[in-house]
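Trainee: Before I ask anything, let me first share the structure, which is written out below as structure tokens.
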Amino acid sequence: QVQLVESGGGLAQPGGSLRLSCAASGIIENIYRMGWYRQTPNDQRELVALIFISGANTLGKTIYADSVKGRFTISSDNADTTVSLQMNSLKLEDTAVYYCVADRIAKDRVWGPGTQVTVSS
């Protein structure tokens with residue numbers, strides 16, 4: 001089993017910054033990609049950013065939603081399977097519950113419990 005623990009959510013003003021972190025524990029050897037999704041009360045979960053944390057040809061590759069490109073940066077610390085999401089220039093529409101995810105070879109995606117991000121003036 002894999003467990004994901006998220007931290008760093010909270011309240012920020014428009015134009016401000018927040019940093020989210022997610023640490024994976026348990027059977028982490030088969031994790032090849034981690035990242036973040038988000039969900040507002042009226043919407044489906046949507047991709048925010050993903051990063052490949054293994055693979056000779058994919059290590060470090062990132063994927064971003066168009067809505068966050070240039071504002072958010074995903075990074076990983078391969079030493080302990082931790083990923084972070086630096087969120088700058090926050091907008092009101094970034095308000096959502098942010099979920100960490102971990103993708104494993106031949107296994108179902110693992111979801112974290114979620115952390116609330118609220119952007120408000």
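The values are calculated or read from the model by the stated rules, or taken from the named source; none is laboratory data. Computed from a predicted model, the values in this text were never measured in an experiment. Note that we place each Cβ from the backbone using ideal geometry, even for glycine, and neighbour counts take in every protein chain shown. What goes into the accessible areas is simple: the full protein's heavy atoms, side chains included, and nothing from ligands, DNA or RNA. Shrake-Rupley method; radii C 1.70, N 1.55, O 1.52, S 1.80 Å.
Trainee: For the chain, modelled as a GNM with alpha-carbon contacts under 10 angstrom, which of Q13, Q86, Q44 fluctuates the most?
Mentor: Looking only at Q13, Q86, Q44, the biggest GNM fluctuation is shown by Q44.
Trainee: Here's something else I'd like to know. Accessible surface of Y32 in the full protein assembly, 1.4 angstrom probe, to the nearest 10 Å²?
Mentor: Answer for Y32: close to 70 Å² accessible.
Trainee: Report W111's accessible area, 1.4 Å probe, all protein chains in place, as a number in Å² to the nearest 10.
Mentor: Roughly 100 Å² of W111 is accessible to a 1.4 Å probe.
Trainee: Next question, about the same structure. Using Cα pairs closer than 8 Å and at least 6 residues apart in sequence, work out the relative contact order for the stretch 1-73, in percent.
Mentor: This gives 20 percent for the stretch 1-73.
Trainee: At N42 and S89, where each label point lies 7 Å from the Cα along Cα→Cβ, what is the point-to-point distance in nanometres?
Mentor: So the two model labels end up 2.6 nm from each other.
Trainee: R109 accessible area, nearest 10 Å², 1.4 Å probe?
Mentor: Around 70 Å² of this residue is reachable by solvent.
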